[in-house]
1. Please list, ordered by chain and number, the residues whose modelled amide H lies under 5 Å from the amide H of GLY185; skip anything fewer than 5 residues away on the same chain.
2. Mind checking which of ALA146, GLN28, LEU69 is farthest towards the positive end of the chain's charge dipole, using Cβ charges of +1 (Lys, Arg) and -1 (Asp, Glu) about the Cα centre?
3. Using the Karplus curve 6.51 cos²θ - 1.76 cosθ + 1.60 with θ = phi - 60°, what ³J(HN,Hα) values do you get for each residue of region 19-28, in whole Hz, with x for Gly and Pro?
4. Please list, in chain and number order, the residues 5+ apart from VAL114 or on another chain whose amide H is under 5 Å from its amide H, with Hs placed from the backbone.
5. How about region 112-183: which GluC sites (Glu not before Pro) there are in a DSSP loop, with at most 13 other Cβ atoms within 10 Å of their Cβ?
6. With a cut-off of 8 Å between alpha carbons and a minimum separation of six or more residues, what is the relative contact order of the chain in percent?
7. Lys/Arg Cβ at +1, Asp/Glu Cβ at -1, dipole of the chain taken about the Cα centre: which of THR16, SER108, GLY95 is farthest positive-ward?
8. Count the lysine pairs in region 81-252 whose Cα atoms lie under 16 Å apart, taking only pairs 8 or more positions apart in sequence or on different chains.
Amino acid sequence: MTPPSLPQIPEIWQETLHWQPNAEQQAQFQKLYQLILEGNQKLNLTRITEPQEFWEKHLWDSLRGIAFLWKKPTSDSYLQLQGNTADKVQYIDIGTGAGFPGLPVAISVPNSVVTLLDSTRKKITFLQKTVSVLELRNVKTLTGRAEETGQQPEHRQKYDVALIRAVGTAAVCAEYSLPLLKQGGLAIIYRGNWTENETAKLQGAVKQLGGVIESIEEFTTPLSHSIRHCLYLRKVANTPAQFPRGVGIPTQKPL
Ligand code: SAH
């Protein structure tokens, strides 16, 4: 099966994210698209299968969350990664599903290490095959629940950036992600709609977990012009040992 070609619109990448894929990265995006369409026949990976929609909702949206990496510093406050830049930045994508946002991040930031975490073993098996076909050497995969992974010494406080899209409410995402971050690390929570009222409600949860809401970005997607948000939480203090709570508790009794 030959899948349709993804849009090749370098000028849109450039205008919106100040980045564009090189030929190898474009080929990897196309191959990823093909593998997901094939995988979808056996596994329920995604409802987004049209090339334009795949480009916008999976590729572009995933990378919009890290667009600050490619932005020139301005006088107003801007996001930065902290820590020792001699080491590769460690990313974890929590509840990655078919690999979003983690795989586009791994493809476009080769000088990174990206761990893809999901509780569904079949999805992780699919991702292992995908990573091998794409010859991505900077990706690790992990089957597990965020509530458990966040308590394991080999993962707790080990990551610079946590990415989390479409996994739960913002308070749940905060409880899954902040324990996994080093101090100074950044959690990036991808949302559709977001209101100031929700920001106010989230403050208490983030504070309990040792974080602060550093910024909230609202943006419009380039093809369908939909409104989306990214929340950026900075870890500024240790997360108390009781977080994340046991499997299912963050959803049942949100902070
Ligand atoms: N992030 C992807 C997939 C979202 S669907 C995207 O935006 O396209 C949510 C995924 O999170 C599912 O694959 C599910 O298996 C996983 N998931 C849900 N709860 C989880 C948990 N507590 N720990 C790890 N993975 C979880």
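1. Correct list: LYS235.
2. It is ALA146, whose Cα lies furthest towards the positive end.
3. Values per residue, Gly and Pro as x: 8, 8, x, 7, 4, 5, 5, 4, 5, 5 Hz.
4. Close amide H contacts, sequence-distant or interchain: TYR91, VAL139, LYS140.
5. The qualifying sites are GLU135, GLU154.
6. Relative contact order comes out at 16 percent.
7. GLY95
8. Counting lysine pairs in region 81-252 gives 12.
None of the figures in this text is laboratory data; all of them are computed from the coordinates on show. Just so we're clear, the structure is a prediction, and the values are computed from it rather than from any experiment. Counting neighbours? That spans all protein chains shown, and the Cβs are built from the backbone with ideal geometry, glycine included.
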